[in-house]
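Student: Following this message is one structure expressed as C-alpha coordinates.
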Amino acid sequence: MTVGTDRTTPGESELDALVGTPFPGGEATLEPWWVHLVLDSMLADSDDGGAHPVLVFLAATGAMGWTWDELFALCGATEADGPMAGETDTVVHHPLQVGETYRVSGEIVSAVRKVGRRTGTFDIVGYRLDLHDGNGVHHASTTNSIVFPRRGT
(Lines give C-alpha, C1' and ligand atoms only; values in the text may rest on other atoms or scores of the structure.)
Protein backbone atom coordinates (compact mmCIF):
# COMPACT_ATOMS: atom_id res chain seq x y z
CA MET A 1 0.00 0.00 0.00
CA THR A 2 1.35 3.45 -0.82
CA VAL A 3 0.92 6.75 0.93
CA GLY A 4 -1.35 9.05 -0.99
CA THR A 5 -3.75 11.90 -0.62
CA ASP A 6 -6.94 9.95 -1.36
CA ARG A 7 -9.01 10.17 1.78
CA THR A 8 -11.80 7.81 0.92
CA THR A 9 -12.67 5.54 3.80
CA PRO A 10 -10.99 2.19 3.25
CA GLY A 11 -13.16 -0.88 2.93
CA GLU A 12 -12.60 -3.74 5.36
CA SER A 13 -10.37 -5.62 2.90
CA GLU A 14 -8.24 -2.49 2.42
CA LEU A 15 -8.11 -2.09 6.18
CA ASP A 16 -6.94 -5.71 6.56
CA ALA A 17 -4.28 -5.08 3.90
CA LEU A 18 -2.71 -2.36 6.08
CA VAL A 19 -1.43 -4.98 8.53
CA GLY A 20 2.22 -5.68 7.86
CA THR A 21 2.82 -2.38 6.06
CA PRO A 22 6.35 -1.34 7.03
CA PHE A 23 7.22 2.20 8.04
CA PRO A 24 9.99 3.80 5.95
CA GLY A 25 11.92 4.39 9.17
CA GLY A 26 14.85 6.66 9.77
CA GLU A 27 17.28 7.72 12.45
CA ALA A 28 16.87 9.69 15.65
CA THR A 29 19.70 11.16 17.72
CA LEU A 30 19.04 12.00 21.35
CA GLU A 31 20.71 15.40 21.28
CA PRO A 32 21.48 16.63 24.83
CA TRP A 33 19.60 19.94 24.35
CA TRP A 34 16.50 18.10 23.09
CA VAL A 35 16.52 15.60 25.96
CA HIS A 36 16.88 18.50 28.41
CA LEU A 37 13.91 20.37 26.87
CA VAL A 38 11.69 17.29 26.86
CA LEU A 39 12.45 16.44 30.47
CA ASP A 40 12.12 20.07 31.58
CA SER A 41 8.74 20.40 29.85
CA MET A 42 7.48 17.39 31.80
CA LEU A 43 9.00 18.57 35.08
CA ALA A 44 10.96 15.30 35.07
CA ASP A 45 14.24 14.86 36.86
CA SER A 46 17.07 15.71 34.49
CA ASP A 47 18.99 12.80 36.03
CA ASP A 48 16.59 10.52 34.13
CA GLY A 49 18.47 11.50 30.98
CA GLY A 50 17.68 9.27 28.03
CA ALA A 51 16.12 6.63 30.27
CA HIS A 52 12.76 8.38 30.41
CA PRO A 53 10.24 6.24 28.43
CA VAL A 54 8.54 9.24 26.79
CA LEU A 55 11.72 9.70 24.76
CA VAL A 56 11.07 6.31 23.12
CA PHE A 57 7.74 7.52 21.72
CA LEU A 58 9.04 10.94 20.69
CA ALA A 59 12.22 9.65 19.04
CA ALA A 60 10.42 6.78 17.30
CA THR A 61 7.54 8.82 15.88
CA GLY A 62 9.90 11.64 14.93
CA ALA A 63 11.91 9.24 12.76
CA MET A 64 9.19 6.84 11.57
CA GLY A 65 9.69 7.99 7.99
CA TRP A 66 6.22 9.44 7.46
CA THR A 67 4.61 12.64 8.63
CA TRP A 68 1.45 12.25 10.66
CA ASP A 69 -0.49 13.52 7.63
CA GLU A 70 1.05 10.78 5.47
CA LEU A 71 0.21 8.10 8.03
CA PHE A 72 -3.36 9.39 8.29
CA ALA A 73 -3.66 9.37 4.47
CA LEU A 74 -2.46 5.76 4.36
CA CYS A 75 -5.38 4.99 6.67
CA GLY A 76 -7.85 6.96 4.53
CA ALA A 77 -8.12 9.98 6.81
CA THR A 78 -6.91 13.52 7.40
CA GLU A 79 -6.30 15.56 10.52
CA ALA A 80 -9.69 17.22 9.94
CA ASP A 81 -11.40 13.84 10.43
CA GLY A 82 -10.35 13.92 14.07
CA PRO A 83 -8.05 10.92 14.53
CA MET A 84 -7.30 10.29 18.20
CA ALA A 85 -4.51 8.60 20.08
CA GLY A 86 -5.58 5.22 21.40
CA GLU A 87 -3.59 2.85 23.55
CA THR A 88 0.16 3.00 24.02
CA ASP A 89 2.64 0.48 25.37
CA THR A 90 6.35 1.20 25.67
CA VAL A 91 8.93 -1.46 26.45
CA VAL A 92 12.50 -0.43 27.27
CA HIS A 93 15.01 -3.28 27.02
CA HIS A 94 18.04 -1.02 27.48
CA PRO A 95 17.79 2.67 28.48
CA LEU A 96 18.34 5.09 25.61
CA GLN A 97 21.57 7.05 25.87
CA VAL A 98 21.89 10.81 25.42
CA GLY A 99 23.96 11.53 22.32
CA GLU A 100 23.29 8.10 20.76
CA THR A 101 21.71 7.68 17.33
CA TYR A 102 18.99 5.05 16.96
CA ARG A 103 17.62 3.42 13.84
CA VAL A 104 13.82 3.40 13.81
CA SER A 105 11.83 0.70 12.05
CA GLY A 106 8.35 -0.66 12.44
CA GLU A 107 5.09 -1.74 10.91
CA ILE A 108 1.34 -1.60 11.18
CA VAL A 109 0.40 -4.49 13.44
CA SER A 110 -3.40 -4.33 13.51
CA ALA A 111 -6.37 -2.68 11.84
CA VAL A 112 -9.97 -3.31 12.88
CA ARG A 113 -13.32 -1.70 12.21
CA LYS A 114 -15.74 -1.29 15.07
CA VAL A 115 -19.17 0.23 15.54
CA GLY A 116 -20.25 1.92 18.74
CA ARG A 117 -23.83 2.79 19.68
CA ARG A 118 -22.97 6.42 20.31
CA THR A 119 -19.79 6.88 18.30
CA GLY A 120 -20.79 5.12 15.11
CA THR A 121 -18.19 3.47 12.89
CA PHE A 122 -14.50 3.86 13.65
CA ASP A 123 -11.25 2.10 12.80
CA ILE A 124 -8.43 1.34 15.20
CA VAL A 125 -5.02 1.05 13.55
CA GLY A 126 -2.13 -0.24 15.66
CA TYR A 127 1.54 0.25 14.89
CA ARG A 128 4.86 -0.72 16.49
CA LEU A 129 8.11 1.21 16.22
CA ASP A 130 11.45 -0.22 17.34
CA LEU A 131 14.70 1.58 18.20
CA HIS A 132 18.05 -0.13 17.56
CA ASP A 133 21.48 1.31 18.23
CA GLY A 134 24.35 1.37 15.72
CA ASN A 135 25.35 -2.18 16.71
CA GLY A 136 21.84 -3.51 16.04
CA VAL A 137 20.94 -3.87 19.73
CA HIS A 138 17.19 -3.53 20.23
CA HIS A 139 16.78 -0.86 22.91
CA ALA A 140 13.04 -0.17 22.98
CA SER A 141 9.66 -0.49 21.29
CA THR A 142 6.53 1.59 21.38
CA THR A 143 3.24 0.08 20.25
CA ASN A 144 0.38 2.52 19.77
CA SER A 145 -3.01 2.81 18.18
CA ILE A 146 -4.86 5.56 16.38
CA VAL A 147 -8.65 5.75 16.40
CA PHE A 148 -10.13 7.00 13.12
CA PRO A 149 -13.77 8.13 13.27
CA ARG A 150 -15.60 7.14 10.07
CA ARG A 151 -18.49 9.58 9.93
CA GLY A 152 -21.08 8.69 7.33
CA THR A 153 -19.92 5.07 7.08
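The values are calculated or read from the model by the stated rules, or taken from the named source; none is laboratory data. On a predicted model such as this, the values are computed, not experimentally measured, just so you know. Here the Cβ is made from the backbone with ideal geometry for all residues, glycine too, and neighbour counts use every protein chain on show. With ligands, DNA and RNA removed, areas are computed over all heavy atoms of the protein, side chains included. Shrake-Rupley method; radii C 1.70, N 1.55, O 1.52, S 1.80 Å.
Student: How high is the relative contact order of the chain, in percent, counting Cα pairs under 8 Å that sit 6 or more residues apart? List each step's numbers first, then the result.
Tutor: On the way: 321 pairs, mean separation 45.7, N = 153.
Relative contact order, the chain: 30 percent.
Student: Further, regarding this structure: Can you list the chymotrypsin sites (Phe, Trp or Tyr not before Pro) in the stretch 11-98 that are in a DSSP coil and have 16 or fewer other beta carbons within 10 angstrom? Numbers along the way, then the final one.
Tutor: On the way: sites: W33, W34, F57, W66, W68, F72; in loops: W66.
Passing sites in the stretch 11-98 are W66.
Student: Something else: Tell me, what ³J(HN,Hα) does each residue in the stretch 91-107 have, in order and in whole Hz, if you take phi through Karplus 6.51 cos²θ - 1.76 cosθ + 1.60 with θ = phi - 60° and put x for Gly and Pro?
Tutor: 10, 10, 7, 9, x, 5, 10, 4, x, 7, 9, 10, 8, 10, 9, x, 7
Student: Would you mind computing, in nm to one decimal, how far apart the modelled labels at V137 and R118 are, each placed 7 Å from Cα along Cα→Cβ?
Tutor: Here the modelled spin labels are 4.8 nm apart.
Student: Compute the normalised compactness of the chain: alpha-carbon radius of gyration over 2.2 N^0.38 Å, N being the residue count.
Tutor: On the way: Rg = 16.7 Å, N = 153, 2.2 N^0.38 = 14.9 Å.
After normalising by residue count via 2.2 N^0.38 Å, the value is 1.12.
Student: Residues of the chain: accessible area per residue at 1.4 Å, in Å²? Let's see the in-between values first.
Tutor: Values: 8370 Å² over 153 residues.
On a per-residue basis, 55 Å².
Student: Ignoring everything except DSSP H segments at least 4 long, calculate the 222 nm mean residue ellipticity for the chain; use -39,500 (n - 2.57) per segment, divide by total residues, nearest 500. Please report the intermediate quantities before stating the final value.
Tutor: On the way: 4 runs with 33 residues, N = 153.
Helix contribution divided over all residues of the chain: -6000 deg cm²/dmol.
Student: List the residues, sorted by chain then number, that are 5 or more residues from T121 or on another chain and whose placed amide H is less than 5 Å from its amide H.
Tutor: G116, R150, T153
Student: With the chain treated as a Gaussian network of Cα nodes joined by springs under 10 Å, which of A17, A44, A28 yields the largest mean-square fluctuation?
Tutor: A44
Student: A further question on this structure: Determine the relative contact order of the stretch 55-123: mean sequence separation of Cα pairs under 8 Å and six or more apart, normalised by residue count, in whole percent.
Tutor: Working: 25 pairs, mean separation 18.3, N = 69.
Computed over the stretch 55-123, the figure is 26 percent.
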